[in-house]
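Below: the structure, in structure tokens.
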Amino acid sequence: MEELIIQQNKRHGRLNEFIKSVGNTVTLGRGFHNDVILSDHFIAAEQLRFDYEDGQWVLKVLDQTNPVLVNNKSITDASVVISSGDELTVGRTHLTLILSNHPVERTRKLLISNWMYHRNLHYIIPIIMLLLSTILAVFTEYQEATSKIRWGLFVASGLGYVVMLLFWVSIWSMVGRILRHKPNFMAQLFYTAFFLAVLNMGMLFYGYTSYAMSSEILGLILESGFLLLILGMMLKYNLLFSTELKHCSRVAFSAVALTMLFTFSIMNLGKKEFNSHPDYSNSVKPPLAKWSKDITLHDYIKVIDSQFNELESSLKE
Amino acid sequence: MGIYRLVQWPMLVLLLVVPLQTFAAETASQLFKTLKQQVYQIRIIDKASGNKSTIGSGFQISKDGYLATNFHVVSSYVHKPDKFSLEYVYHDGTTGNAELHDIDVVHDLAILKIEPLQDKYFTFNLKNLSKGERIFSMGNPHDLSMLIIEGNFSGLLKESRFKKILFSGSLNAGMSGGPAFDKTGKLIGINVSKGSEQISFLVPAARLDALFRRAKKNGKVKDFNQVIQADLYRDQDHFYKKLLKKKWTSESLGFVEISGKLDKSFKCWGHTVDDEDILYEGVHKHCRSQDRLYISQDMQTGMFSYDYEWITSRKLNRFQFYTQVENRFTHGSFNNVRKNENVTNYSCEEKFVSLTGHSWKISSCIRAYKKYKGLYDVLLLLTSVDENDKTLLAKAAMSGVSKENSIEFIKSFLGRIKWKN
């Protein structure tokens with residue numbers, strides 16, 4: 001005989017979440033004589049009874065004051081046969097009904113890196129990564145500086161970067177504390193700092209692809225792809241350490257892709273149909289980034305000529 | 001005796017000046033009395049509301065009721081004849097409808113025709129006046145009242161490719177299209193715009209004379225857009241052909257030779273960036289034509305400019321240096337068109353081009369005029385990209401130019417750049 005298990009609130013890692021049936025009957029209600037006692041004012045003293053009849057568990061509603069929902073549908077019949085995994089809503093309480101022969105998913109592999117459990121490395125490695133990431137962020141800013149080099153400003157922006165990074169990590173740690181009862185702060189810090197460092201490295205070469213390939217579209221595709229990859233990976237690790245989601249990669253990449261698509265659409269939908277300013281590729285990079293071959297002035301004049309011809313034909317349309 | 005000597009000269013000057021001023025005031029007052037019936041207020045009426053939307057001045061130039069005014073006074077009617085109508089107001093308040101017969105956007109002139117109320121009109125003085133000669137202008141500023149102002153003929157404007165008379169009097173909005181005349185009441189020019197506090201511009205009467213002849217010969221224009229197109233096309237053709245025919249002078253800028261001032265009507269400026277705070281050195285030269293042709297509230301054309309910037313740095317690394325070049329790699333723009341009914345969007349192309357033994361990134365952006373076939377706004381921008389610490393950034397911007405002229409100009413402009421070593 002399968003036993004009936006009642007699970008209240010999915011909270012991973014808690015002991016008193018499940019109540020297992022003893023015998024052929026389980027009663028549920030606010031009254032203290034019940035097998036399962038729920039302090040919910042919208043539940044009757046004697047609300048439900050589960051009976052094991054003919055090899056299956058049958059749910060009977062004993063009080064009709066409030067509707068009882070199984071899988072979000074109100075029960076109208078006097079009794080309902082329970083299948084494993086049914087969601088039950090009674091009063092304001094949500095329960096999951098599971099039978100003891102319910103299959104469990106395969107054991108997930110923990111993301112174990114030895115350093116994470118090492119007494120000192122546990123602190124040292126993330127902090128080194130944070131420093132490295134900050135140095136790279138400041139270096140990116142330094143490379144973009146063209147007038148006076150203000151070191152004070154760089155230090156300030158480096159500190160700002162650290163604060164933002166720690167803020168992001170803290171938020172995920174709090175989520176981890178709630179959902180997994182473990183903040184995993186140092187692991188979050190390491191992975192976030194690592195991926196942001198890679199992102200900063202990439203930022204150093206922003207615009208180089210479109211310049212080297214002489215193609216705005218190619219540059220846009222490659223740069224968006226890089227951004228998606230890095231931010232997706234970062235979010236994946238954030239989710240991995242803070243939640244119990246099964247498909248962290250899928251969720252993370254979808255979220256980043258959707259955000260990018262949303263931003264891109266907002267920027268482009270907001271554009272006016274008529275633009276009185278020219279829209280052109282303004283990237284100019286050092287000689288080492290130039291791969292394309294030069295054309296002659298004669299050929300360039302032909303390019304301008306065809307620009308005129310295209311405009312003329314577009315006007316005729 | 002001593003006191004008498006002290007006051008004797010100022011007294012003599014006063015005795016001379018007072019009668020002169022009285023004479024001038026009398027002349028103006030007499031001229032006003034004689035000429036006021038030849039000057040009209042021109043109104044553009046918004047048909048939907050029945051109220052005036054633009055006001056200007058105009059004056060009679062023939063017995064049979066031809067009036068002259070500025071094109072910019074009647075431009076909204078030219079572009080939207082269904083939305084607006086033309087009306088004149090006579091000095092005694094009589095109003096009536098006016099017909100537009102011909103326009104000249106290049107010189108900002110228009111010829112109207114009304115049923116004549118009287119047969120007096122302005123005759124033209126096409127001779128050159130001498131600097132300092134007393135001239136007068138009439139008009140109805142801000143719809144207040146018809147008035148006369150005095151000033152001097154101050155010669156012709158040098159920094160314009162069009163002849164414009166400098167008038168040391170203060171024209172105000174609403175006086176546009178009014179007559180400017182000598183002390184005998186003969187027309188010497190048409191009020192057109194204000195420069196600064198006491199400097200205004202007049203279109204010489206000869207331009208009106210030419211337009212009036214054309215109007216009488218060809219009759220009432222049927223398609224004003226066609227006239228605008230033809231006038232603009234002819235004007236740019238004349239300007240660019242003349243510019244391209246000239247022998248261009250060269251100037252030195254850093255390691256390169258560039259073209260100097262291409263026409264005496266252009267204004268050229270230069271400045272150097274070499275503050276210690278800034279880690280690059282820049283020498284900047286730019287020239288700009290001062291002319292703009294008014295087409296409508298949303299469109300101006302006829303502008304032309306070019307500029308060069310020699311940038312070097314010993315303190316910036318190559319990445320930082322090119323970040324700076326990238327920041328400055330922006331097209332010059334006149335911001336001359338505001339609505340898409342007038343022009344297409346810019347179409348841009350960027351290419352790496354070999355010029356004078358060096359490699360350059362060149363961007364060309366072109367947009368076509370929708371109503372005036374064969375005319376374009378063309379922007380050119382280039383920078384050398386094969387040295388780690390020096391570059392020449394050059395720009396040229398042409399508005400209302402034909403394909404052939406812009407291509408010829410670009411060839412000459414690029415061909416003129418010479419790297420010296």
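The values are calculated or read from the model by the stated rules, or taken from the named source; none is laboratory data. Computed from a prediction, not measured in an experiment: that's the story for all the values here. As a convention, Cβ positions derive from the backbone with ideal geometry for all residues, glycine included, and neighbour counts pool all protein chains shown.
Name the residue, out of B:Ser85, B:Ser53, that is under 26 Å from B:Ile111 (Cβ atoms), within 30 Å of the chain's Cα centre (by Cα) and at pLDDT below 90.
Working: B:Ser85 fails: at pLDDT below 90.
Of the residues listed, the single one that is under 26 Å from B:Ile111 (Cβ atoms), within 30 Å of the chain's Cα centre (by Cα) and at pLDDT below 90 is B:Ser53.
Would you be able to tell me the number of residues in the range B:318-332 that are in contact with an Asp or Glu (Cβ under 9 Å, 6 or more places away or on another chain) and assigned to a loop (DSSP other than H, G, I, E, B)? Spell out how you get there, then give the answer.
Taking the range B:318-332 as the starting set, the residues that turn out to be in contact with an Asp or Glu (Cβ under 9 Å, 6 or more places away or on another chain) are B:318-321, B:323, B:328, B:332.
With assigned to a loop (DSSP other than H, G, I, E, B) added as a condition, the list becomes B:332.
The qualifying residues number 1.
Read through the list (1) surrounded by fewer than 13 Cβ atoms within 10 Å (Cβ to Cβ); (2) assigned to a helix (DSSP H, G or I); (3) not assigned by TED's automatic domain parsing to the domain that holds B:His107, then give the number of the only condition that B:Leu244 fails.
Just one mismatch for B:Leu244, condition (1).
Tell me, which strands (runs of 3 or more DSSP E) wholly within the range B:47-115 include 3 or more residues that are of a type in the set (D, E, K, R)?
Details: elements: B:52-60, B:66-69, B:84-89, B:95-97, B:99-104, B:109-113.
In the range B:47-115, the matching strands (runs of 3 or more DSSP E) lie at B:99-104.
From the set of residues in the range A:270-304 that are surrounded by fewer than 18 Cβ atoms within 10 Å (Cβ to Cβ), within 7 Å of chain B (Cβ to nearest Cβ) and among the acidic types (Asp, Glu), which is nearest to B:Lys361 (Cα to Cα)?
Within the range A:270-304, the match that is nearest to B:Lys361 (Cα to Cα) is A:Asp279.
Considering each residue of the range B:375-386, count those that are at the interface with chain A (Cβ under 7 Å from one of its Cβ atoms) and more than 30 Å from B:Arg292 (Cβ to Cβ), and give that number.
Number of matching residues: 2.
Being surrounded by fewer than 17 Cβ atoms within 10 Å (Cβ to Cβ) and either closer than 29 Å to A:Ser147 by Cα or not assigned by TED's automatic domain parsing to the domain that holds B:Lys370 (or both) is the requirement here; does B:Thr272 meet it? Talk me through it step by step, then tell me what you get.
Details: surrounded by fewer than 17 Cβ atoms within 10 Å (Cβ to Cβ): yes; either closer than 29 Å to A:Ser147 by Cα or not assigned by TED's automatic domain parsing to the domain that holds B:Lys370 (or both): yes.
Yes; evaluated as a whole, the condition is true for this residue.
Among the residues of the range B:386-398, which ones are more than 21 Å from B:Glu408 (Cα to Cα) and surrounded by 22 or more Cβ atoms within 10 Å (Cβ to Cβ)?
Let us first name the residues in the range B:386-398 that are more than 21 Å from B:Glu408 (Cα to Cα), namely B:386-392.
Residues satisfying the conditions are B:Thr391, B:Leu392.
What do you reckon, is A:Leu95 under 30 Å from A:Leu240 (Cα atoms) and surrounded by 12 or more Cβ atoms within 10 Å (Cβ to Cβ)? I'd like the intermediate steps shown before the answer.
Details: under 30 Å from A:Leu240 (Cα atoms): yes; surrounded by 12 or more Cβ atoms within 10 Å (Cβ to Cβ): yes.
The answer is yes for A:Leu95.
When you check B:Tyr294 against the structure, is it over 30 Å from B:Val192 (Cα atoms) and either at pLDDT 90 or above or not polar (S, T, N, Q) (or both), yes or no? Give the derivation first.
On the way: over 30 Å from B:Val192 (Cα atoms): no; either at pLDDT 90 or above or not polar (S, T, N, Q) (or both): yes.
So B:Tyr294 fails the test.
Evaluate the following for B:Phe239: is it among the hydrophobic types (A, V, I, L, M, F, W, C), crowded, with 19+ Cβ neighbours inside 10 Å and assigned by TED's automatic domain parsing to the domain that holds B:Tyr306?
Details: among the hydrophobic types (A, V, I, L, M, F, W, C): yes; crowded, with 19+ Cβ neighbours inside 10 Å: yes; assigned by TED's automatic domain parsing to the domain that holds B:Tyr306: yes.
Yes, satisfied.
Can you run down the residue pairs with Cβ atoms below 8 Å, 6 or more apart or on separate chains, where the first is in the range B:336-356 and at positive phi and at the interface with another protein chain (Cβ under 7 Å from one of its Cβ atoms) and the partner is of a type in the set (D, E, K, R) and surrounded by fewer than 19 Cβ atoms within 10 Å (Cβ to Cβ)?
none
Which of the residues that make up the range B:150-171 are touching a residue at least 24 places away in the same chain (Cβ under 8 Å) and either over 28 Å from B:Gly302 (Cβ atoms) or among the basic types (Lys, Arg) (or both)?
Those that are touching a residue at least 24 places away in the same chain (Cβ under 8 Å) and either over 28 Å from B:Gly302 (Cβ atoms) or among the basic types (Lys, Arg) (or both): B:Glu150, B:Lys158, B:Arg161, B:Lys163, B:Lys164.
Determine whether the range B:141-153 contains at least one residue that is within 18 Å of the chain's Cα centre (by Cα) and either in the same structural domain as B:Ile111 (by TED's automatic domain parsing) or of a type outside the set (Asp, Glu) (or both).
Applying the first criterion (within 18 Å of the chain's Cα centre (by Cα)) to the range B:141-153 yields none.
No, the conditions are met nowhere in the range B:141-153.
Of the numbered conditions (1) within 28 Å of A:Glu105 (Cβ to Cβ); (2) touching a Ser or Thr at 6+ places or on another chain (Cβ under 8 Å); (3) not aliphatic (A, V, I, L, M), A:Tyr191 satisfies every one except a single condition; which is it?
(2)
Residues in the range B:86-94: is at least one surrounded by fewer than 18 Cβ atoms within 10 Å (Cβ to Cβ) and within 16 Å of B:Val227 (Cβ to Cβ)?
No - not one qualifying residue is present in the range B:86-94.
When the range A:191-213 is examined, which residues are found to be within 14 Å of chain B (Cβ to nearest Cβ), assigned to a helix (DSSP H, G or I) and of a type in the set (A, V, I, L, M)?
A:Met201, A:Met203, A:Ala212, A:Met213
Suppose we filter A:Ile75, A:Ile127, A:Ile135, A:Ile82 for residues that are modelled with pLDDT of 90 or more and touching a strand residue (DSSP E or B) at 6+ places or on another chain (Cβ under 7 Å); which single one remains? Explain how you work it out, then say what you get.
Details: A:Ile75 fails: modelled with pLDDT of 90 or more; A:Ile127 fails: touching a strand residue (DSSP E or B) at 6+ places or on another chain (Cβ under 7 Å); A:Ile135 fails: touching a strand residue (DSSP E or B) at 6+ places or on another chain (Cβ under 7 Å).
When all the criteria are applied, what remains is A:Ile82.
On the basis of being in a strand (DSSP E or B), more than 14 Å from every other protein chain (Cβ to nearest Cβ) and within 23 Å of B:Leu157 (Cα to Cα), does B:Lys267 make the cut?
Considered against the rule, which asks whether it is in a strand (DSSP E or B), more than 14 Å from every other protein chain (Cβ to nearest Cβ) and within 23 Å of B:Leu157 (Cα to Cα), B:Lys267 comes out as yes.
Restricting attention to the range B:310-329, does a residue exist that is facing another protein chain (nearest Cβ under 7 Å) and within 31 Å of the chain's Cα centre (by Cα)?
Yes, the range B:310-329 contains at least one residue that is facing another protein chain (nearest Cβ under 7 Å) and within 31 Å of the chain's Cα centre (by Cα).
Determine, yes or no, whether B:Tyr372 is at the interface with another protein chain (Cβ under 8 Å from one of its Cβ atoms), buried (at least 18 other Cβ atoms within 10 Å of the Cβ), within 25 Å of B:Asp231 (Cβ to Cβ) and not hydrophobic (A, V, I, L, M, F, W, C).
Numbers: at the interface with another protein chain (Cβ under 8 Å from one of its Cβ atoms): no; buried (at least 18 other Cβ atoms within 10 Å of the Cβ): yes; within 25 Å of B:Asp231 (Cβ to Cβ): yes; not hydrophobic (A, V, I, L, M, F, W, C): yes.
The answer is no for B:Tyr372.
Take the residues in the range A:141-167 that are in a helix (DSSP H, G or I), more than 26 Å from A:Phe185 (Cβ to Cβ) and of a type outside the set (A, V, I, L, M, F, W, C), then tell me which one is farthest from the other protein chains (Cβ to nearest Cβ). Talk me through it step by step, then tell me what you get.
Step one: of the range A:141-167, the residues in a helix (DSSP H, G or I) are A:141-144, A:151-167.
Imposing the further condition that a residue be more than 26 Å from A:Phe185 (Cβ to Cβ) reduces the set to A:141-144, A:151-154.
Now drop any that are not of a type outside the set (A, V, I, L, M, F, W, C), which leaves A:141-144, A:152.
Details: A:Glu141: 11, A:Tyr142: 8, A:Gln143: 5, A:Glu144: 5, A:Gly152: 14 Å.
Restricting to residues being in a helix (DSSP H, G or I), more than 26 Å from A:Phe185 (Cβ to Cβ) and of a type outside the set (A, V, I, L, M, F, W, C), the top hit is A:Gly152.
Can you tell me which residue within the range B:275-292, out of those that are assigned to a loop (DSSP other than H, G, I, E, B) and more than 12 Å from every other protein chain (Cβ to nearest Cβ), is nearest to B:Val256 (Cα to Cα)? Break it down into steps so the answer makes sense when it comes.
In the first step, residues of the range B:275-292 are kept if they are assigned to a loop (DSSP other than H, G, I, E, B); the result is B:275-280, B:290-292.
Filter once more, keeping what is more than 12 Å from every other protein chain (Cβ to nearest Cβ): B:290-292.
Values: B:Gln290: 27, B:Asp291: 29, B:Arg292: 31 Å.
Applying the filter and picking the extreme gives B:Gln290.
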